[in-house]
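Peer 1: There's a structure below that I have some questions on.
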Amino acid sequence: MTLKPGDQAPDFTLPDADGRPVRLADLLARGPVVVYFYPRDETSICTAEACSFRDAYDVFKSAGAEVVGVSSDGQVAHQAFASKFKLPFVLVSDTDGAVRKAFGVPKTLGLLVGRVTYVIDAKGVVRHVFNSQFQAKRHVAEALAALRRLSAPCCAAAVRAARARGSRVHR
């Protein structure tokens with residue numbers, strides 16, 4: 001069963017492209033984390049997705065978030081992929097698929113390895129899930145929108161309260 005908003009994200013430790021362990025809990029101690037699962041390095045849709053995350057990375061960082069890409073590719077493939085496309089975020093190797101399974105990433109059409117993005121708040125709670133095999137660039141837009149909602153909960157609550165009182169609220 002795939003994780004949904006409100007679920008606690010399972011902690012994991014996976015090796016990055018240099019073999020260093022990356023633990024989700026350590027990243028969450030610094031703020032929200034966007035974990036995106038993708039099928040494979042160097043494929044056209046996966047490359048478009050990774051480059052979209054790269055191009056928006058400064059926006060993610062200014063929102064206090066970290067980005068982590070997860071696939072079953074090994075460290076050597078991740079090193080080459082990150083170097084070739086100048087990816088500033090960490091890629092981790094889930095070679096046995098255990099983390100993908102723990103997050104409940106579904107297969108597309110029962111065959112293709114899934115492409116799912118999770119926005120996880122600093123407490124480890126999943127706040128947004130986006131699942132689309134073919135709309136790779138939309139994963140970035142969805143994650144950024146979710147981070148904006150996380151960073152302004154008091155503003156959203158104020159807008160709802162004002163609307164409930166009948167006030168007109170302009171954005």
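The values are calculated or read from the model by the stated rules, or taken from the named source; none is laboratory data. Worth saying up front: this structure is predicted, and the values here are computed from it rather than measured. All Cβ positions, even for glycine, are placed from backbone atoms using ideal geometry, and neighbour counts span all protein chains on display. Remember, those area values only see protein heavy atoms, side chains included, never the ligands or the DNA or RNA. Shrake-Rupley method; radii C 1.70, N 1.55, O 1.52, S 1.80 Å.
Peer 1: Which residues does a label at Ala29 reach in region 120-149, if reach means a backbone N under 19 Å from a point 7 Å past the Cα toward the Cβ?
Peer 2: Output list for this probe position: 120-125.
Peer 1: Further question: Measuring from centroid to centroid over Cα atoms, what is the spacing of region 1-18 and region 74-152 in Å?
Peer 2: Answer, in whole Å: 10.
Peer 1: Kindly state, to the nearest 0.05, the FRET efficiency for Asp18 paired with Val59, given R0 = 25 Å and r defined as their beta-carbon distance.
Peer 2: On the way: r = 25 Å, r/R0 = 1.01.
About 0.50, to the nearest 0.05.
Peer 1: Starting from the Cα gyration tensor of region 1-132, take the square roots of the eigenvalues, sort them a ≥ b ≥ c, and report rounded, prolate or oblate (rounded when a/c is under 1.5, otherwise prolate if a/b is larger than b/c, else oblate).
Peer 2: Rounded, since a/c falls under 1.5.
Peer 1: Something else about it: For region 1-66, what class follows from the C-alpha gyration tensor (a ≥ b ≥ c being the square roots of its eigenvalues): rounded when a/c is under 1.5, otherwise prolate if a/b is larger than b/c, else oblate?
Peer 2: Since a/c stays below 1.5, the shape of region 1-66 is classed as rounded.
Peer 1: Continuing with the same structure: Within region 36-51, list the residues whose amide N lies under 18 Å from a label point set 7 Å along Cα→Cβ of Lys84.
Peer 2: Only 38-51 pass the distance filter.
Peer 1: Right, next: Just to confirm a number: summing +1 for Lys and Arg and -1 for Asp and Glu over residues other than Leu28 whose beta-carbon lies under 15 angstrom from that of Leu28, what do you get? Don't jump to the answer; show the numbers that get you there.
Peer 2: Values: positive: Arg23, Arg30, Lys123, Arg127; negative: Asp7, Asp11, Asp26, Glu66, Asp121.
Around Leu28, the surrounding residues sum to -1.
Peer 1: Where does the charge balance sit around Ala80 when Lys and Arg score +1, Asp and Glu -1, over other residues with C-beta under 14 Å from its C-beta?
Peer 2: Details: positive: Arg40, Lys84, Lys86; negative: Asp16, Asp18, Asp41, Glu42, Asp73.
Counting the neighbours of Ala80, the net charge comes to -2.
Peer 1: Just subtract the alpha-carbon distance of Leu109 and Ser44 from 0.36 nm times their residue separation and send over the number in nm, one decimal.
Peer 2: Details: separation 65, 0.36 × 65 = 23.40 nm, distance 1.90 nm.
Net length gain for the segment: 21.5 nm.
Peer 1: Another one. Just the number, please: percent antiparallel of the DSSP beta bridges in the chain, rounded to the nearest 5.
Peer 2: Close to 65 percent.
Peer 1: While we're here: Select from region 11-78 those GluC sites (Glu not before Pro) which occupy a DSSP coil region and have at most 10 other Cβ atoms within 10 Å, ordered by residue number.
Peer 2: Of the GluC sites (Glu not before Pro), not one in the loops of region 11-78 has a Cβ with at most 10 other Cβ atoms within 10 Å.
Peer 1: Any idea what the dipole of the chain comes to, in debye rounded to 20, about its Cα centre with Lys/Arg Cβ at +1 and Asp/Glu Cβ at -1?
Peer 2: 1060 debye
Peer 1: Also, quick follow-up: Calculate what fraction, in whole %, of the accessible area of the chain sits on carbon and sulfur atoms when a 1.4 Å probe is rolled over the protein chains.
Peer 2: 56 percent
Peer 1: What trypsin sites (Lys or Arg not before Pro) in region 77-121 are in a loop by DSSP, with at most 15 other Cβ atoms within 10 Å of the Cβ? Intermediate values should be presented prior to the final figure.
Peer 2: Values: sites: Lys84, Lys86, Arg100, Lys101, Lys107, Arg115; in loops: Lys86, Lys107, Arg115.
Answer in residue order: Lys86, Lys107.
Peer 1: Under the rule a/c < 1.5 gives rounded, and otherwise a/b versus b/c splits prolate from oblate, where does region 27-99 land using the Cα gyration tensor?
Peer 2: Numbers: a/c = 2.00, a/b = 1.29, b/c = 1.54.
Oblate, since a/c reaches 1.5 and b/c is not below a/b.
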